[in-house]
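Trainee: What follows is a single structure, and I will ask about it in a moment.
The values are calculated or read from the model by the stated rules, or taken from the named source; none is laboratory data. Please read all numbers here as calculations on a predicted model, not as lab measurements. Heads up, the Cβs are rebuilt from the backbone with ideal geometry, glycines too, and the neighbour counts pull from every protein chain shown.
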Amino acid sequence: MIASVEGVVATTGPSFAVIEVSGIGLTVWCPPPTVADLRVGQTARLATTLVVREDALTLYGFATASDRDCFVLLQSASGVGPKLALSILTTLDAGQLKDALSREDVAPLMAVSGVGRKVAQRLILELKDKAPLIDADTPAAPVASGAGWHEQVASGLRGLGYSAAEAKAAADAVAPVAEADPSAPVGVLMRAALRSLAKG
């Protein structure tokens, strides 16, 4: 397993980053909140896992080892592949996932695009006993700075397929969070915006 990658961020997209490692550009697929915290030209370190399929080797990266371990854990549930696991970790971080599973609370899971009540109940049934194993550490991520966070969040949402109007409205909705905690990482604001869209 490739447990981590460290190198210069060459480019980013809505859900991936290309990390230059010893002259090799690695495409690493990430939750959009993780991508939002990366800066092109700066060095980044991501906790990673390699998913092997018959037709592809795909590297997934996360801001923390906890999120990576959650990604692996989620795929141990029946019917959950990398795409759905990544979608869950786009909306919930490791701590929020651990809390939802421990409390058997379907609401946070149902805020994830593509997760209905039955899927949420199945995830809780299959994973609640493993929830105590989740180490909900805090990512060491860049914090939101000035008004720049608003465009980063809106841009990330547009990259996920939301309209410009939806993206702006969701970014506007989390402005109080950014004002209340100026040290909030962009990834945290992105997750809050996604939850606001799920409620709407």
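Trainee: Look through the stretch 131-156, keep the residues that are surrounded by fewer than 14 Cβ atoms within 10 Å (Cβ to Cβ) and not in a loop (DSSP other than H, G, I, E, B), and return whichever of them is modelled with the highest pLDDT.
Mentor: Pro132
Trainee: Restricting to the stretch 186-196, and then to whatever is over 11 Å from the mean Cα position of the chain (by Cα) and at pLDDT 80 or above, can you tell me which residue is surrounded by the most Cβ atoms within 10 Å (Cβ to Cβ)?
Mentor: Here the answer is Ala193.
Residue by residue, here is whether (1) in contact (Cβ under 8 Å) with a residue 40 or more places away in the chain; (2) among the basic types (Lys, Arg); (3) under 18 Å from Arg191 (Cα atoms) holds:
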position	(1), (2), (3)
Gly7	no, no, no
Pro31	yes, no, yes
Val35	yes, no, yes
Thr43	no, no, no
Ala63	yes, no, yes
Leu84	no, no, yes
Thr91	yes, no, yes
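Trainee: Which numbered condition trips up Cys70, out of (1) over 27 Å from Leu101 (Cβ atoms); (2) touching an Asp or Glu at 6+ places or on another chain (Cβ under 9 Å); (3) not hydroxyl-bearing (Ser, Thr, Tyr)?
Mentor: Single failed check for Cys70: (1).
Trainee: Let me ask you something else. For residues that are surrounded by fewer than 17 Cβ atoms within 10 Å (Cβ to Cβ) and among the β-branched types (Val, Ile, Thr), scanning just the stretch 52-87, find the one that is modelled with the lowest pLDDT.
Mentor: Val52
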